[in-house]
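The next block holds one structure in the form of structure tokens; read it before the comments.
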Amino acid sequence: MTQDASPPGRWELFRGFFAVGILGFGGVLPLARRMSVDQKRWLSPAAFTDLLALCQFLPGANIVNLAVSLGGRYHGPAGALAAVAGLLAAPIGVVIALGALYGRFADVPMVAHGVQGLAAAASGLVLATALRIAGPLRRKPRGIAVALLAFAAIALLRWPLLPVLAVLLPVSLLVHRRAA
């Protein structure tokens, strides 16, 4: 579960995820990984990847699911609430303020171009995070094959996510069970 740190308290969960939420506006997954794996050592890289995989399969935002799962792992519902409250407190205020500003200035060309630039940066963050999270798979060709199948089905063939996951989950379990 953990690398070499003691389990976090509820207040530490709140503070850790608050820092992630305020610093990583729009792309918090890389910061959540750095905080929980590299800095706080609450999880090993492999445990983070496994937990994130579960969180991606669940409905809702992956980072919120991750905060709930990690907080709940250490302190049950109170820990889940502390982690989610920390994660969402600052961004909710920022989003409300930015939404009001955007509503007022959306027709200004510079604002429109700025939003397009933010979209490009967010795409880069998603790609960088995917590559970093895939790190533990580099010595597991079967895992890479399943990941490539999922990418091809969803990104290239544009098949719906849920049916692809419904098919690839048992395939992945079967492939990895035979490898063990």
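The values are calculated or read from the model by the stated rules, or taken from the named source; none is laboratory data. Bear in mind that the values here come from a model prediction, so they are computed numbers and not experimental data. Glycine gets a Cβ as well: all are built from the backbone with ideal geometry, and neighbour counts include every protein chain shown.
Side notes on the structure shown:
- Residues of the stretch 46-87 satisfying the condition of being of a type in the set (D, E, K, R) and either surrounded by fewer than 14 Cβ atoms within 10 Å (Cβ to Cβ) or at pLDDT 95 or above (or both): Asp50
- Of the numbered criteria (1) assigned to a helix (DSSP H, G or I); (2) closer than 22 Å to Leu127 by Cα, the one Leu13 fails is (2).
- Residue within the stretch 118-135 that is under 14 Å from Phe17 (Cα atoms) and either under 17 Å from the mean Cα position of the chain (by Cα) or at pLDDT 85 or above (or both) present: no
Yes/no matrix, rows are residues, columns are (1) touching a His at 6+ places or on another chain (Cβ under 6 Å); (2) over 20 Å from Pro91 (Cβ atoms); (3) β-branched (Val, Ile, Thr); (4) outside the structural domain of Ala89 (by TED's automatic domain parsing):
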residue: Pro30; (1), (2), (3), (4): no, no, no, no
residue: Val37; (1), (2), (3), (4): no, yes, yes, no
residue: Leu51; (1), (2), (3), (4): no, yes, no, no
residue: Ser69; (1), (2), (3), (4): no, no, no, no
residue: Ala78; (1), (2), (3), (4): no, yes, no, no
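- Answer from Val146, Val108 - the residue that is surrounded by 12 or more Cβ atoms within 10 Å (Cβ to Cβ) and either within 24 Å of Ala46 (Cβ to Cβ) or assigned by TED's automatic domain parsing to the domain that holds Leu51 (or both): Val146
- Check on Ser123, among the polar types (S, T, N, Q) and crowded, with 16+ Cβ neighbours inside 10 Å: no
- Checked against (1) more than 27 Å from Leu165 (Cα to Cα); (2) assigned to a helix (DSSP H, G or I); (3) under 17 Å from the mean Cα position of the chain (by Cα); (4) at pLDDT 90 or above, Trp42 passes all but a single condition, namely (2).
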